[in-house]
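S.K.: Submitted below is the structure of interest, expressed as structure tokens.
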Amino acid sequence: MAVQASVAVRNAILDAIETTVGTSAVLKLRTGAQPATCATADSGTVVATLSLPSDWMAAGSGGTKALAGVWQDPGADTTNTPAHFRLYASDGTTCHLQGTVTATGGGGDITLDDVTVTAGQTVTIDTFTLTAGNA
């Protein structure tokens, strides 16, 4: 038998993620496969570094939580194709979340309108949604 949580509990769990990571989170899009866990050292080359808005996620609603504000790097670090992301506390080194990056419609955890990134170009995150389990 599976444990089930109310929508209110699922929303609270999701909201706790943003509280734990803190304000002014840093998102780095990186090449290659993501590390085994957030505790594992970074891998790949940083393609873009985004300083997220102070309130970077909307409040949990219906067991999901979506990005808030504009997630954008006005000048990509290098020319390359990002394949994974790591979300850090404001220090840019403490990893709290990681996942895949694909073009819109590609099924990644974060999607971009185009994953072919050129150094200096503006990089904007199209979608990012967290969904709590145990519905």
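S.K.: Which number in (1) charged (D, E, K, R); (2) out of contact with any strand residue (DSSP E or B) (no Cβ under 6 Å at 6 or more places or on another chain); (3) free of Cβ contacts under 8 Å to residues at least 24 places away in the same chain marks the one condition that ASP42 misses?
M.R.: Only one criterion in (1) charged (D, E, K, R); (2) out of contact with any strand residue (DSSP E or B) (no Cβ under 6 Å at 6 or more places or on another chain); (3) free of Cβ contacts under 8 Å to residues at least 24 places away in the same chain is unmet by ASP42, namely (3).
S.K.: Among the candidates VAL115, VAL47, single out the residue that is surrounded by 15 or more Cβ atoms within 10 Å (Cβ to Cβ) and in a loop (DSSP other than H, G, I, E, B).
M.R.: The match here is VAL115.
S.K.: Shifting gears a bit: Looking at (1) under 30 Å from VAL7 (Cα atoms); (2) among the small types (Gly, Ala, Ser); (3) part of a strand (DSSP E or B), find the lone condition where GLY133 falls short.
M.R.: Among (1) under 30 Å from VAL7 (Cα atoms); (2) among the small types (Gly, Ala, Ser); (3) part of a strand (DSSP E or B), the lone unmet condition for GLY133 is (3).
S.K.: So, of the residues in region 16-34 that are surrounded by fewer than 17 Cβ atoms within 10 Å (Cβ to Cβ), in contact (Cβ under 8 Å) with a residue 12 or more places away in the chain and in a helix (DSSP H, G or I), which turns out to be farthest from the chain's Cα centre (by Cα)?
M.R.: Here the residue is THR20.
S.K.: Residues of region 68-82 being under 16 Å from the mean Cα position of the chain (by Cα) and open to solvent by less than 40 Å² (accessible area, probe 1.4 Å), which ones?
M.R.: Residues satisfying the conditions are ALA68, TRP71, ASP73, PRO82.
The values are calculated or read from the model by the stated rules, or taken from the named source; none is laboratory data. Predicted, not measured: the structure shown is a model, and the values here were computed from it. Ideal geometry is used to build each Cβ from the backbone, glycine not excepted, and the neighbour counts take in all protein chains shown. Note: accessible area is taken over every heavy atom of the protein model, side chains too, but ligands, DNA and RNA are not part of it. Shrake-Rupley method; radii C 1.70, N 1.55, O 1.52, S 1.80 Å.
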